[in-house]
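Here is the structure we will look at, set down as structure tokens.
Please treat every number below as a calculation from the coordinates, not as lab data. Just so you know, these numbers come straight off a predicted model, no measurement behind them. Cβ placement follows ideal geometry from the backbone for every residue including glycine, while neighbour counts extend to all protein chains displayed.
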Amino acid sequence: MTEKKKERINIHEYLAEFDDIPGTRVFTAQRARKGYWLNQFAMSLMKAENRERFKADEKAYLDEWNLSDAAKQAVLDRDYNAMIDEGGNVYYLSKLFSTDGKSFQFAAGSMTGMTQEDYAKMMIDGGRAPHGVRSIKGGY
Amino acid sequence: MARVTTGITSSHIPALGAAIQTGKTGDDYWGPVFDGYKAIKDWIKQPGNMPDVVVLVYNDHASAFDMNCIPTFAIGCAESFKPADEGWGPRPVPEVIGHPDLAWHIAQSLILDDFDMCIFNQMDVDHGCTIPLSMMFGEPEEWPCKVIPLPVNVVTYPPPSGARCFALGDSIKAAVESFPEDLNVHVWGTGGMSHQLQGPRAGLINKEFDLKFIDQLINDPDTLAKMPHIEYLREAGSEGIELVMWLIMRGALGDKVKDLYNFYHIPASNTALGALILQPEETAGEALDPRVVHSGHSLATAAE
Ligand SMILES: [Fe+2]
């Protein structure tokens, strides 16, 4: 028997800290559960025949999945922030924007409220500085 | 005996693959990135440097694994692995050829060493695995070495801790060293550096954090391994957590390492990019010239 652990991470504190990061939704178990079908829908677009069916009639394709109305609307609107609120994860959702022929930069930019041009320029200028966006409570 | 001779870190973002496919590797945007990698591409072709096998640590980006199966540490033991279709058709790159003998040996050894691995005998590999191969080897008909894919969950929380990743690297080292065949084995840690792909904070880059991370990875990995997830999230962005995988590479190199090459660039699409060649100090080769290359915004090219 190896030695027992002396210290354990408090899971409640561990999870609570995630809410203190501005403009960020960490993909916790809670979000993963909420977004189960949305993410599985996105995964289905890894098959060419599914991509074709989806493109032919997006609404009909979405109706085949056990999705909330809000999740369906978020997909139809390509509102990636709303999809993340519905439990989507960007790596799953990448199958959706790839189906649209869009890049990670496009999708990430679309979530910032900036225009694509301004977002691209911010990245070339060195990206978003961490100052002031590390902690809500701490304000640093 | 097999030996872990080298650790390499690399970005694995899909945009690098797109730049190769669309012939943009020499343009104003991508040129400095591919210039920075050219030194590694040249180095790896030199006698003695080409690995027989790469243990390639990466994360699956919801390609081989969906919400139904979320392995924390997995290892691919198959004969070969197909590039995954991630929504735009599979990347036009060769199949990844495995090394089932060594992979199974590592899997068994790790489990006996208290790492309860998840073993895959069929698994597609996504950009996390194939982009680093393209960056190191270009566009060959076949990859020049065998690859053991080692996917780590860094998508669904919680991912493994830095300390656990560092210890896994140490166990991989021991496993490789007990394999009787004479093999040059590399361990590659991929992903990172600072980046965030979601929400209003998307686009976060933290140069100060990244450069300190590289320095600590080389010189003080024991301290670095203790960094909690929240610090990665705050400082390096929600997707910067991929950096825990670099600690697996570092753990496989032993106590002291020499950095033969140290490349950092901002930005590659949404991310800061770091590419390193490290070797165990006792058996380290010559450093590249220049050894340190920084490029991109506000990073004067530094050479030493
Ligand atoms: Fe990644």
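So here's what we get for this one:
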quantity	calculated
Gyration tensor (alpha-carbon) shape descriptor, the protein assembly as shown, a/c threshold 1.5	rounded
Computed lengthening from B:Q216 to B:K82, 0.36 nm per intervening residue step minus Cα-Cα distance	44.7 nm
Ranking of B:S194, B:S178 by count of other Cβ atoms within 10 Å, fewest first	B:S178, B:S194
Paramagnetic label zone (point 7 Å from Cα along Cα-to-C-beta, B:R3; backbone N under 19 Å) in the range B:253-268	B:253-261
Shielding score for A:86-99, defined as the mean number of other chain Cβ atoms within 10 Å	5
The range B:1-136 shape via C-alpha gyration tensor axes, a/c threshold 1.5	oblate
Footprinting exposure proxy for B:D124, B:D42, B:D60 (fewest neighbouring C-beta atoms within 10 Å first)	B:D42, B:D124, B:D60
Unit charges at the beta carbon, dipole of the protein assembly as shown: most positive-side option, A:L67, B:L211, B:V4	A:L67
222 nm mean residue ellipticity, helices alone, for chain B (DSSP H n ≥ 4; -39,500 (n - 2.57); rounded to 500)	-9500 deg cm²/dmol
Listed pairs A:K121/B:K41; B:K146/B:K173; A:K34/B:K82; B:K82/B:K258; B:K212/B:K256; A:K121/B:K24 exceeding 24 Å between Cα atoms	A:K121/B:K41; A:K34/B:K82; B:K82/B:K258
Pairwise FRET efficiency - B:W104 versus B:M50, Cβ, R0 = 30 Å, nearest 0.05	0.80
Order of A:K95, A:K59, A:K72 - criterion: other Cβ atoms within 10 Å of each residue's Cβ, fewest first	A:K59, A:K72, A:K95
In range of the label at A:K47: residues from the range A:60-74 whose backbone nitrogen is under 18 Å from the point 7 Å along Cα→Cβ	A:60-67
Vicinal HN-Hα couplings computed from phi for the range B:215-230 (Karplus, 6.51 cos²θ - 1.76 cosθ + 1.60; Hz; Gly/Pro x)	4, 5, 4, 6, 9, 8, x, 4, 5, 4, 5, 8, 5, x, 3, 4
In range of the label at B:D28: residues from the range A:94-122 whose backbone nitrogen is under 14 Å from the point 7 Å along Cα→Cβ	A:121
